[in-house]
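Contents: one structure, followed by commentary.
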Amino acid sequence: MSKKVLIVGGSENLVDGENQNYHYITLLQQLEKYEINNISIGGMSCTESFYRCVSEVEQTNYDLVIILWTPIWRKWVYFSGYNIDDFTSIAPGNITGFHKESSAVHQYSKLYHAYFNNQYINTHRFLSQVLLLQSYFKVKNIPLVMCRDGEDYITDIIAANYTQDQKFTNMSDRLKQILDFDNRPDYYILQKLNVLKLLVEKINRTLWIDFENFTFQNQKVDLHSDNFHAGPVSHANFFKLLVFKLKEHELV
């Protein structure tokens, strides 16, 4: 009997006429052991992946869930009136979705990205969502496999360190920026850094494809015809890693 699999993520999970012969999801289907429901959407945000994943699992019984997390800075918005869940994705210079032509959306996007796109909060919420999901799936007794896209601060957080003698070391420039390094006292920066470090430490590495070292972005060795998404070799390599992880869960 085939296993029912839910796949969640963004455009890297989308199968089209050009990549269907080599996409990792196609390769997974060819094993003839899985019935796949792919609810991925181009431009999906982490928050949308979180909520849509929970909603789908509550509606349908799955034997396995695979999540490819997208960049943590992505944001979806919804109009308050004459709208149920027609989403619009806002990104600097790239607005997509149901209301991509709306002048209100474009104005909001400029305002949001200029003043309110707080990467510390984005990171804190993403890590919290990951922890909530791993607990949720443990209660549900559903195997979960996750992969980092790469556009997050996890590598920076792991590398950063503090000692009384040397103070802060291995602090990347972008981590310094989100911690307001030049304007805050050391004790405050350390407090906020430790909040993120604790969340990262609580993440169950066994649920991930090489949590600390692997990201879907840094493993790309070739590209799709759009010169952006992964190509045949990249999908084949990812598929091998995914199958290895599924074997650990005895799901192959």
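The values are calculated or read from the model by the stated rules, or taken from the named source; none is laboratory data. Quantities reported herein were computed from a predicted structural model and do not represent experimental measurements. Heads up, the Cβs are rebuilt from the backbone with ideal geometry, glycines too, and the neighbour counts pull from every protein chain shown.
Identify the residue in segment 121-147 that is more than 28 Å from residue 251 (Cα to Cα) and either β-branched (Val, Ile, Thr) or without any contact (Cβ under 8 Å) to a residue 40 or more places away in the chain (or both) and, among all such residues, is surrounded by the most Cβ atoms within 10 Å (Cβ to Cβ).
123
Quick check on my filter: what residues within segment 28-57 are among the aromatic types (Phe, Trp, Tyr) and at pLDDT below 95?
First, the residues of segment 28-57 that are among the aromatic types (Phe, Trp, Tyr): 34, 50-51.
Passing the criteria: only 34.
Which pairs do you get when a residue that is within 18 Å of residue 154 (Cβ to Cβ), found in segment 178-195, comes within reach of a residue that is at pLDDT 95 or above and outside any loop (DSSP other than H, G, I, E, B), reach meaning Cβ atoms under 6 angstrom, with the pair 6+ apart or on two chains?
178/119; 178/120; 179/189; 179/192
Tell me which residues, restricted to segment 57-75, are surrounded by fewer than 18 Cβ atoms within 10 Å (Cβ to Cβ) and either among the hydrophobic types (A, V, I, L, M, F, W, C) or assigned to a loop (DSSP other than H, G, I, E, B) (or both).
Selection gives 60, 61, 63.
Within segment 148-161, can one find any residue that is at pLDDT below 95 and buried (at least 17 other Cβ atoms within 10 Å of the Cβ)?
The answer is yes; a qualifying residue exists.
Within segment 15-40, how many residues turn out to be in contact (Cβ under 8 Å) with a residue 40 or more places away in the chain and either surrounded by 17 or more Cβ atoms within 10 Å (Cβ to Cβ) or among the basic types (Lys, Arg) (or both)?
7
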